[in-house]
Amino acid sequence: MKNSGFVTGAVPPLDPSGRIHLMFCLGGGADARAAVTAWAAEALAAGRIATVVPDASAAEVARLVREARAGTRVLIAGPRREAMAATAAARAAGLLPCETTTYVTAVDGVPVFCPHCGTTGSVDAGPGDVVACGSCGLDLEIRPHLSGHHGAYLGAVA
């Protein structure tokens, strides 16, 4: 299922229009490693350049995206929290949504963006739940909208 650039279920295919592919494996899980391994094999079989970065942080993703050539495709695999943070860092570094594929391998709670104070916090809840913002204390309903820009679900004042 594709939703705001975040994919769950089967491993999504490599973007064939990219000539260079940066692949990030987050969280150290077997599913993330399998996805990145499949992408690398697919890229190499198509005669493309594939760079695999294991156990990357969001800051490392942003640095490598800033250093990448135009048209580089970025593929991120890992648990939801880490994958959403890495995707937001890549987009903040200048990556376009059409240049990114984010494969979520595990659902482990959600990051929620508070529009009141502008912070993003992590909670063990899901869309439809009401939680208190960890920064300003305002009650927020977690909306099903995923923001690739913030790497979080949107919290609406409850």
Point to revise | Qualifying strands (runs of 3 or more DSSP E) (wholly inside region 53-134; at least 2 residues being touching a residue at least 40 places away in the same chain (Cβ under 8 Å) and open to solvent by less than 50 Å² (accessible area, probe 1.4 Å)) | key: 73-78, 100-104, 110-113
**Study point:** Residue that is farthest from Val11 (Cα to Cα) [pool: residues in region 37-49 that are among the small types (Gly, Ala, Ser) and open to solvent by less than 30 Å² (accessible area, probe 1.4 Å)]
**Key:** Ala43
Revision key, fill the gap. Apart from one, (1) surrounded by 14 or more Cβ atoms within 10 Å (Cβ to Cβ); (2) assigned to a loop (DSSP other than H, G, I, E, B) all hold for Leu22; the odd one out is (2)
Point to revise | Scope region 26-36; condition surrounded by 24 or more Cβ atoms within 10 Å (Cβ to Cβ) and under 11 Å from Pro79 (Cα atoms); matching residues | key: Leu26, Ala32
**Study point:** Among (1) under 29 Å from Val157 (Cα atoms); (2) touching a residue at least 40 places away in the same chain (Cβ under 8 Å); (3) outside the structural domain of Gly151 (by the TED database) - the single one Leu26 does not satisfy
**Key:** (1)
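The values are calculated or read from the model by the stated rules, or taken from the named source; none is laboratory data. Values in this document were obtained by computation on a predicted structure and should not be read as measured data. Please note: Cβ atoms are built from the backbone with ideal geometry, for glycine as well, and neighbour counts cover all protein chains shown. Calculation scope for accessible area: heavy atoms of the full protein, side chains included, ligands and nucleic acids excluded. Shrake-Rupley method; radii C 1.70, N 1.55, O 1.52, S 1.80 Å.
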